[in-house]
Amino acid sequence: MVVVDNCCHVRGAIVKVFPNTRVVLDVWHFLMRYLACVIGGSKNPVRSAVGRDIVEAILKTSADKQNPAVYWNQEEQEVHIVAAYEKWARNGGVWNAAAEKVHADQLAHVQKGCLARLRQDVHPRKPYRRLAQALERTSAILCKQT
Ligand SMILES: [Zn+2]
């Protein structure tokens, strides 16, 4: 799996080289595109609440030191992101003129599954630890045999 900023743009090129790879969009870039549409930017008092709603539309729980992030499935993400966008559209004073198009674009990524994960994110260090353990076991067996 490859996590990128511009998933649908680079997917073709990546899949050509690594055919079995899923190319997906990372949540941070997704969030930034929405936050760029908040009127007044960081001066807007509800900006952080908007950001929280966007992230929570995609993630069931965020990653922390011990645990990887848990993602909603694609259908749930779609329902949540539409609800979050409309909630702040009703509120007024949040979305600028560009927001509607940005939302439509991001929604298309959500619908294509660019934000969903088949497998929940693996904690960054765990796979290496497991690989190291497997190598240790293998070399232990090889050493016994010789
Ligand atoms: Zn995409």
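Values in this text are rule-based calculations from the coordinates and carry no lab data. This one's a predicted model, so the numbers in the text were calculated from it and none came from an experiment. Here the Cβ positions follow ideal geometry from the backbone for every residue, glycine too, while neighbour counts run over all protein chains shown.
Pairs to check: LYS65/LYS87; LYS87/LYS112; LYS43/LYS101; LYS60/LYS112; LYS43/LYS112; LYS16/LYS65. Give those whose C-alpha atoms are more than 29 Å from each other in this structure. Flagged as over cut-off: LYS65/LYS87; LYS43/LYS112; LYS16/LYS65. The GluC sites (Glu not before Pro) of segment 60-100 include none that meets both conditions, a loop assignment by DSSP and at most 15 other Cβ atoms within 10 Å of the site Cβ. Counting 0.36 nm for each residue step from SER42 to ALA108 and taking away their Cα separation leaves a gain of 21.1 nm. In this rough spin-label picture, where each label sits 7 Å from Cα along the Cβ direction, the ASP26-ASP64 distance is 2.2 nm.
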